[in-house]
Structures are given as structure tokens and as C-alpha cells.
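The values are calculated or read from the model by the stated rules, or taken from the named source; none is laboratory data. Nothing here was measured: the structure is a model prediction, and the numbers come from that model. Positions of Cβ are backbone-derived with ideal geometry, glycine not excepted, and every protein chain shown enters the neighbour counts.
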Amino acid sequence: MKIRPLACVLCTFATLATGAARKATPEEARKFIDDAEQKLLLLSVDSSMADWVRSTYIIDDTETLAAKLDERAIAATVEYAKQSTRFDGLKLDPVTARKIKLLKLSLTIATPADPKESEELTRIVSGMEGTYGKGKYCPSGPQSCKDLEELSKIMAESRNPQQLLDAWTGWHAISRPIRKDFVRYVELANKGAGQLGFKDNGAMWRSKYDMEPDAFAKELDRIWEQVRPLYLSLHAYVRNRLREKYGDLVPANGPIPAHLLGNMWAQTWDNIYPLVAPANADPGYDLTELLKKHNTDWKGMVKYGESFFASLGFDPLPQTFWERSLFLKPRDRDVVCHASAWDVDSVNDLRLKMCIEITGEDFLTVHHELGHNFYQRAYNKLAPSFRDSANDGFHEAVGDTIALSITPEYLVKIGLLDKAPDTSKDIGLLLHRALDKIAFLPFGLVIDQWRWKVFSGEIPPDKYNETWWQLRQKYQGIAPPVGRREADFDPAAKYHVAANVPYMRYFLADILQFQFHRALSQTAACTAPLNRCSIFDNKAAGARLNSMLEMGQSRPWQEALEKIAGTREMDASAIRDYFAPLQKWLDDQNRGHPVGW
Ligand code: X8Z
Ligand code: ZN
């Protein structure tokens, strides 16, 4: 098929813009944006289809094709965004004004005007994600190769420090070849963002929150200060218990070695729950075991998630979801296994891409991903510009909110558990959740604290790895298990860094999901402690959730938050309420032991 050159897609406006120096009118602005959103929708559907094929079949050809279609869609957006500046200062109706504002903020990467550089940038981004997706550790020849799923299993289950270290260093070697491309990516992404009027690519990312970018950064500091005491208590408790297990490998008052926490990136620690479980308050069940005992397969896992949403009043997923998704890791080719939820046509072509394993962790991840899919469908009747979440933290928070309703009582209702443990086991339940949700908070912050500084130039390439570990120590209190050098490039051993996905959204989601859960539990008239509230089967809670979802990003996120939680502020009081009994318990346990590092 012959593709119309971009210049022609935009020629009407180019003529308008460069023609007579006549002042643009509000009517022209409205026509301009309506036309832009239709054309960009078509381009984004093409690029999504190509991205899908690339992610589920990584070879050079799919990388090249996807990069080309991504470039077309991004370059058109950039061009429209530049054209739209001719309406700056004009008094526009609120809908048109918001659409134009969102157009300028819609990209996570802006291609530079130079066609060569534009192509180079999209090719690099495509390639970095591919390198990550294909990453393997082969200690002794091709037969010995282990992929991320196998290495993660070792990180989760092994208690042998040498074996953990081997899996950790093995995976962290896959990102060395990404470093050179990453340096160039930073240069070109900054150039593209600069041409759109942003200071750098990080500044572009921070501009998406319906408030001044600096005010947003301050909000993050404020929220982090609210939850930091809880993190410090958890960190100190876990460090003590790990010292009992591993001896002097774990310092009494220093950072915890990153390979002992049950996860490749030490971002969530629930896999080491058995090592730190409270003696008298263990709930006595393990979700992975329950799923296995009931012979749950991948379809069963997804059906549990879908049924939860259905119980709230949402329609079931479309038939095409079941036909087009990727649920299992194929044996014969490389795919990007990192889970994601897709909305290929921006209407109803919803898909899940995930290499599902039958574990409690993946059970939660399925709910996380379906949250994206149900959100996508809830806003699909809005104008294309508004088909996104209130802010990106909202998108990440919806499925996790549902997962907070996976209580013991819920597991009994769906037949996975025979009997819910009584309230004397609440500390065990809370500790398990905290190892997931509280442990994650500083990790959620640190990735973009690092990347923002990289994009601004404050961190130069020859300090990438050193500063990465400085920040990891500062926020998370963890340290690399072996010496690291600049030839290593540990940040890109994390998917979102290699794949250009902003990360602050997950920190926001960790806070927001507790606000949502508290509000929806109130709607469901739950009077139990928050960790025992489940909104399963509650239509009123479902309606309240949906009233927020269906707003998409048509209004500033503060309004969406008000709709669901009755407040316009992101705030950590809900997560603190939820974990208040645990905080007290941890502080008792930590008495006489050092806290901090
Ligand atoms: O990337 C994800 C999802 C897809 S949006 C699986 N998450 C972050 C991560 O894995 O690092 C969910 C929690 C944090
Ligand atoms: Zn997500």
C-alpha cells in the first residue's frame, strides 16, 4: 500500500498556518482538533497492531515494521502539536481547549523534526525493548540458557545466597548492550521534547498531571514523607529477620543486599513472606498452593478476574479478547513477557499479553491488567482525545484496587479457600500485603527520580550506574550484592527503562488504590477493618467505580478523584489507615534494633 506522505496529511493546516497572517478563529481550532484526533486515531491503530506483532514475535523484521509505524504516528502527533500552537492565547470552548492541551502532552516520546533522527529514535526504542524481551542468561552454552521467568522463579523460591547471586548477576548482564543505545535515546528524546517546547523529556513526562511540573514533584515528596515511616519500619523488621536467616551477609544497620528480597529488582518482597512471617499470626494459606490445588489453569486465572468485574456490573470481555490475547509463553519464539493490557482499536479490541504462571503473584497481575482493559472499555465512547485515564496513575490503580478485595472471605466465596482465618491472623495478612505494597513505594519513586536527572543532564552517561545505586540506597535502603561498574547498566535490566515507559505512575497507583479501596468499601457499607473489606458483588461500588472510569481524561484528574473518593488530593492517609495495626506491631518488633541505614 502506498502511504500518503505526512506532509500531505497535514497540508491543509500547513497552508493555513503559513498563509495569510490572519488571526485563527475558535471555529478553526475546533475543526483542527476534531480532524487531528480522527487522523491520529487511524495512525495509532496501525502502530498498535504492529507493536502487538513485534511484542509477540520478536524478530528484526517486526522490530523494523513496528518502529516505522510508531514513527509515523508519533511524527504526525508532533506535527499536529506544533501546528496547534497557532491557537495559543485564543479563547476556546473548554472541550476544544482541553483536547489541544492533551494533544501536546500525549506522547511519552517525541521524535525530532529531522527525518533521519526521527527514524533513528523509534528504531532504538523498538530495539531496546526487543533486547530486553530476548534477554537470557546462559552460564555454560546455549543449552543452559535461562529466561527472566526462570530466573525470577529462582529469585522467588531459592534461599541459597550463591544461587540467588548467580541468577541476579546473570539477568543484570542482559542490559549491558543497551547502554550505548540508551545514551543516544536520551539525546534524541530530549531533542524531540525540546522542539515541542519542553525543557527535556523528563519535563515533558512531569507536565502531564494537570498542575505545574514543579508542584507535581513537590506533591510526590509530600506523599513520600507521609509513608516513609512505614517503609522504614518494614525495612528494619525484614532486615532483622533476614539477618537471622543469612547472618552477616545482611548488615545490622546498613542497606539490605538486593538479591535476598525475593524479586529480581527488590521491588516487592512478598515472595520472602515465609522467611519473615509472624510466629502466631500466620493466616495459614498460600494463594499459589490454593490455585494449584484447585487445578486452576491460565483461563481459570483470567476468568476469576473477569468474573470479579462482572460481579460489579461490568459487561464480560468481548469474544475477540479470548481469541487475540497472548496468555502463555510460546515455546518456539521470543516475546515480551512483561505483562500488558492492550486496546488495539481504541474501542473494543481488548487484549492481554502475559506469560501466565499459576502463582498468587500472577493472579494479582491478571487483575491488574484487566483493570486496564475495563477502564479502556469504560471510556471508549468519548472523543478519541479523552480515551485515556484521568492520569497515568489512575490507569495503574484500577486493577490493583480490585485485587485489594481479594480477601480471605472472598477466596472462600469463590471456592478456593475452605475457611477464612479469624482476626487473630490479621498481622500475617497485613504483613504479606505490606511486603508487596509498602516495599514497592520507594522503588516506584526511584526509577524516575533517576531518569528525570538523566534527561535533565544532571546525571551524565559516565555516572549512570553509580547514581542508580546511590538513589536505590537512598530511597530503598538496598545495595547491589556484588561490585558494579559503569560497564554494567543495571537500570535497563528493568523493563520500563529499556522500553521507555514512565514509572512514577506506579508510585501514584500505590497511593491511589488505597484511596479508591477505602471509598468503595464505604460505598459497599463495609464496617470491617479495611484489609477485610471486599467489594465483590457490590453493584453500588461498581457504579461508583464506573462513574470515574467513564470520564476518561475528559476532565482534570482532581475531578475524577473527587468523583470516586470525595477528595481532590492524592493522599497517603488511606494506605496508612490500612496498615495502621501493622505499623504498631512492626514498631514493637523493632524495639532495641536499629532502624534506617
Ligand atoms: O509493569 C507493571 C504491569 C504492567 S502495567 C505488569 N507493573 C509494574 C512493574 O511490573 O514493575 C505493575 C506493578 C509495577
Ligand atoms: Zn499496568
If we keep only residues of the stretch 498-514 that are away from ligand 1 (no atom under 11 Å from the Cβ) and assigned to a helix (DSSP H, G or I), then the residue farthest from ASP571 (Cα to Cα) is ALA498
Members of the stretch 262-278 that are in a loop (DSSP other than H, G, I, E, B) and more than 20 Å from the chain's Cα centre (by Cα): ALA277, PRO278
Out of LEU350, LEU317, which single residue is surrounded by 19 or more Cβ atoms within 10 Å (Cβ to Cβ), within 30 Å of GLU550 (Cβ to Cβ) and away from ligand 1 (no atom under 16 Å from the Cβ)? LEU317
Long-range neighbours under 8 Å by Cβ, at least six apart or interchain, first residue in contact (Cβ under 8 Å) with a residue 24 or more places away in the chain within the stretch 471-494, second within 16 Å of ligand 2 (Cβ to nearest atom) and in a loop (DSSP other than H, G, I, E, B): ALA493/TRP265; LYS494/TRP265
Collect the residues in the stretch 131-156 that are hydroxyl-bearing (Ser, Thr, Tyr), touching a residue at least 12 places away in the same chain (Cβ under 8 Å) and part of a helix (DSSP H, G or I), keeping them in residue-number order. THR131, TYR132, SER152
Could you tell me how many of the residues in the stretch 353-369 are surrounded by 21 or more Cβ atoms within 10 Å (Cβ to Cβ), among the β-branched types (Val, Ile, Thr) and away from ligand 1 (no atom under 11 Å from the Cβ)? 1
In this structure, does ILE478 turn out to be within 16 Å of ligand 1 (Cβ to nearest atom) and farther than 20 Å from MET570 by Cα? yes
Only one residue in ALA203, ALA217 is in contact with a Lys or Arg (Cβ under 9 Å, 6 or more places away or on another chain) and closer than 21 Å to MET570 by Cα, so which one is that? ALA217
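Which residue, of ASN280, ASN295, ASN263, is touching a residue at least 60 places away in the same chain (Cβ under 8 Å) and away from ligand 1 (no atom under 16 Å from the Cβ)? Let's see the steps before the verdict.
Working: ASN295 fails: touching a residue at least 60 places away in the same chain (Cβ under 8 Å); ASN263 fails: away from ligand 1 (no atom under 16 Å from the Cβ).
Exactly one residue qualifies, and that residue is ASN280.
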Take the residues in the stretch 484-497 that are in a helix (DSSP H, G or I) and away from ligand 2 (no atom under 16 Å from the Cβ); name whichever of them is farthest from the chain's Cα centre (by Cα). ASP490
Which of the helices (runs of 4 or more DSSP H) found entirely inside the stretch 23-108 contain at least 3 residues meeting this: over 25 Å from ASN201 (Cα atoms) and under 28 Å from the mean Cα position of the chain (by Cα)? 26-56, 60-84
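Of everything in the stretch 420-443, what is away from ligand 1 (no atom under 16 Å from the Cβ) and either part of a helix (DSSP H, G or I) or touching a residue at least 24 places away in the same chain (Cβ under 8 Å) (or both)? Give them in sequence order.
Taking the stretch 420-443 first, the residues away from ligand 1 (no atom under 16 Å from the Cβ) are 420-432.
Within the stretch 420-443, PRO421, THR423, SER424, LYS425, ASP426, ILE427, GLY428, LEU429, LEU430, LEU431, HIS432 qualify.
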Exactly one of (1) surrounded by fewer than 21 Cβ atoms within 10 Å (Cβ to Cβ); (2) in a helix (DSSP H, G or I) is unmet by PRO481. Its number? (2)
Residue list for the stretch 194-216, filter: part of a helix (DSSP H, G or I), under 22 Å from the mean Cα position of the chain (by Cα) and touching a residue at least 60 places away in the same chain (Cβ under 8 Å): ASN201, GLY202, ALA203, MET204, TRP205, ARG206
Could you tell me which residue of the stretch 346-401 is nearest to ligand 2 (Cβ to nearest atom), considering only residues that are farther than 30 Å from ASP332 by Cα, among the hydrophobic types (A, V, I, L, M, F, W, C) and touching a Gly at 6+ places or on another chain (Cβ under 7 Å)? VAL398
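Does ASN271 qualify as being under 25 Å from ASP147 (Cβ atoms) and either modelled with pLDDT under 95 or of a type in the set (S, T, N, Q) (or both)?
Numbers: under 25 Å from ASP147 (Cβ atoms): yes; either modelled with pLDDT under 95 or of a type in the set (S, T, N, Q) (or both): yes.
It is true that ASN271 is under 25 Å from ASP147 (Cβ atoms) and either modelled with pLDDT under 95 or of a type in the set (S, T, N, Q) (or both).
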Tally up the residues in the stretch 28-53 that are among the hydrophobic types (A, V, I, L, M, F, W, C), touching a residue at least 60 places away in the same chain (Cβ under 8 Å) and under 24 Å from ASP334 (Cα atoms), please. 3
One residue is enough: does the stretch 446-465 have a residue meeting the conditions in contact with a Phe, Trp or Tyr (Cβ under 9 Å, 6 or more places away or on another chain), over 23 Å from ASN531 (Cα atoms), within 16 Å of ligand 2 (Cβ to nearest atom) and assigned to a helix (DSSP H, G or I)? yes
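Step by step: first the residues of the stretch 315-369, then only those that are aromatic (Phe, Trp, Tyr) and touching a residue at least 40 places away in the same chain (Cβ under 8 Å), then the one that is farthest from VAL398 (Cα to Cα). Which residue is that? Write out each step before concluding.
Residues of the stretch 315-369 aromatic (Phe, Trp, Tyr): 321-322, 327, 342, 363.
Next, only the ones that are touching a residue at least 40 places away in the same chain (Cβ under 8 Å) stay: 321, 342, 363.
Details: PHE321: 19, TRP342: 15, PHE363: 15 Å.
For the stretch 315-369, the residue satisfying everything is PHE321.
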Here is a check on your reading of the model: is ARG544 closer than 21 Å to LEU382 by Cβ and crowded, with 16+ Cβ neighbours inside 10 Å? yes
Please verify whether the stretch 405-415 includes one or more residues that are within 16 Å of ligand 2 (Cβ to nearest atom), closer than 25 Å to VAL227 by Cβ and hydroxyl-bearing (Ser, Thr, Tyr). no
Tally, over the stretch 370-410, of residues that are free of Cβ contacts under 8 Å to residues at least 60 places away in the same chain, farther than 18 Å from CYS533 by Cβ and within 11 Å of ligand 1 (Cβ to nearest atom): 1
Using beta carbons and a limit of 7 Å, which pairs, at least six apart or on different chains, have the first residue in the stretch 174-187 and farther than 19 Å from TRP205 by Cβ and the second one surrounded by fewer than 17 Cβ atoms within 10 Å (Cβ to Cβ) and at pLDDT 95 or above? ARG176/ALA487
Closer than 29 Å to LEU431 by Cβ, at pLDDT 95 or above and surrounded by fewer than 16 Cβ atoms within 10 Å (Cβ to Cβ), is that true of GLU219? no
